[in-house]
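Heads up: the structure comes next, in structure tokens.
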Amino acid sequence: MKLKDEIEKLAKMQEIDSRIYALAHEKNIIIPSKINELTNQFKKSKEQLSTFEEKNKELLLRKKESELELASKEEGLKKAQGQLYQLKSNKEYQAKLTEIGSIKADISIAEDNVIDILDKTEGIKKETDIINSELKKAEGTLNTKKGELNERIKNIEIELQSLATKKSLGAKEIDPGILAKYENLIKTRRGIAIVPVKNNSCGACHMRITSQTINEIKMYLNLVLCESCVRILYIPEDSE
Ligand SMILES: [Zn+2]
């Protein structure tokens with residue numbers, strides 16, 4: 001086994017693993033959080049709508065109450081007016097007239113009240129209609145986006161399958177002991193096990209690499225690890 005060859009194979013394997021890591025991250029973290037975010041936005045809009053519906057219900061109730069009040073005042077007015085001509089003394093007659101005047105004033109207030117509630121109901125209805133139509137649009141968009149993201153997951157799964165095949169083929173060509181070390185690092189180092197030295201520093205954590213370590217790497221006697229992030233270091237072909 002020539003260590004230089006094994007390291008070259010590991011560097012190629014790392015390209016596959018980096019892609020696998022990125023795709024798995026997208027599939028397991030990014031897409032679910034996007035779906036979550038979209039669903040929550042939609043839920044919030046829905047909650048807004050139900051607040052308006054509550055307000056609408058309350059107004060309908062108040063409208064009923066005001067209409068009943070108005071009807072009873074009108075009934076009272078009719079009664080008082082009927083009584084007016086049965087009264088014998090002028091004093092009683094004057095008192096009834098005052099009562100009638102006061103009932104009429106009450107009726108006018110009750111009528112204003114009903115009109116006010118009707119205006120408010122109309123305003124709420126308009127707003128509810130707008131929110132409703134926006135909600136329908138938002139639901140459509142939500143479903144389209146969810147569909148796109150699920151489609152993306154399917155494509156990721158297909159690509160992951162083909163990468164797994166490539167990886168297992170490549171793995172057969174690598175020394176088992178070295179491969180085991182590499183795989184362990186892939187698992188524990190966020191999908192990056194081997195990195196090039198670039199401008200005398202580690203390609204992953206950017207820690208400075210001494211010239212002594214660089215010489216060690218070039219001797220290809222042992223795998224040389226970055227002292228800081230503990231990943232396998234190598235010198236790319238073109239910078240040797
Ligand atoms: Zn490092």
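Bear in mind that the values in this text are calculations on the coordinates, not laboratory data. Just so you know, these numbers come straight off a predicted model, no measurement behind them. We place every Cβ from the backbone using ideal geometry, glycine too, and count neighbours over all the protein chains shown.
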Self-check item: Residue-count net charge about CYS205 - beta-carbon cut-off 13 Å; Lys, Arg +1, Asp, Glu -1
Solution: +4
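Rounded, prolate or oblate for the chain? Axes are the square roots of the Cα gyration tensor eigenvalues, ordered a ≥ b ≥ c, and the cut-off for rounded is a/c under 1.5.
Working: a/c = 7.98, a/b = 4.77, b/c = 1.67.
Cα axes put the chain in the prolate bin.
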Quiz item: Where the centre of each part is set by its Cα atoms, how far does the stretch 34-90 sit from the stretch 188-206, in angstrom?
Solution: 71 Å
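Counting other Cβ atoms within 10 Å, keep those with at most 16, restrict to DSSP loop, and tell me which GluC sites (Glu not before Pro) in the stretch 109-177 are left.
Details: sites: GLU111, GLU122, GLU127, GLU134, GLU139, GLU148, GLU151, GLU157, GLU159, GLU173; in loops: GLU173.
Hits after loop and neighbour filter: GLU173.
Taking each pair of distinct Cα atoms in the stretch 1-96 once, what is the resulting Kirkwood hydrodynamic radius in Å?
In the stretch 1-96 this quantity evaluates to 21.8 Å.
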Quiz item: Of the trypsin sites (Lys or Arg not before Pro) in the stretch 191-225, which ones lie in a loop per DSSP and count no more than 10 other C-beta atoms within 10 Å?
Solution: none
Quiz item: Within the chain, what is the longest stretch that has no chymotrypsin sites (Phe, Trp or Tyr not before Pro) placed in a DSSP loop and near at most 16 other beta-carbon atoms within 10 Å?
Solution: 86-219
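Can you compute the helix-only [θ] at 222 nm over the chain? Use -39500 (n - 2.57) per DSSP H run of at least 4 residues, normalise by all residues, nearest 500 deg cm²/dmol. Could you put the intermediate results ahead of the total?
Working: 5 runs with 181 residues, N = 240.
Taken over the chain, the calculation gives -27500 deg cm²/dmol.
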Practice problem: List, in the order given, every pair from LYS64/LYS120; LYS44/LYS154; LYS9/LYS172; LYS34/LYS154; LYS172/LYS218 whose Cα-Cα distance in the structure shown is over 18 Å. | Solution: LYS44/LYS154; LYS172/LYS218
Quiz item: Do any trypsin sites (Lys or Arg not before Pro) in the stretch 1-46 lie in a loop, going by DSSP, with at most 11 other beta-carbon atoms within 10 Å of their beta carbon, and if so which?
Solution: LYS2
Quiz prompt | Whole-Å distance, taken between Cα centres, linking the stretch 105-140 and the stretch 9-31 | solution = 55 Å
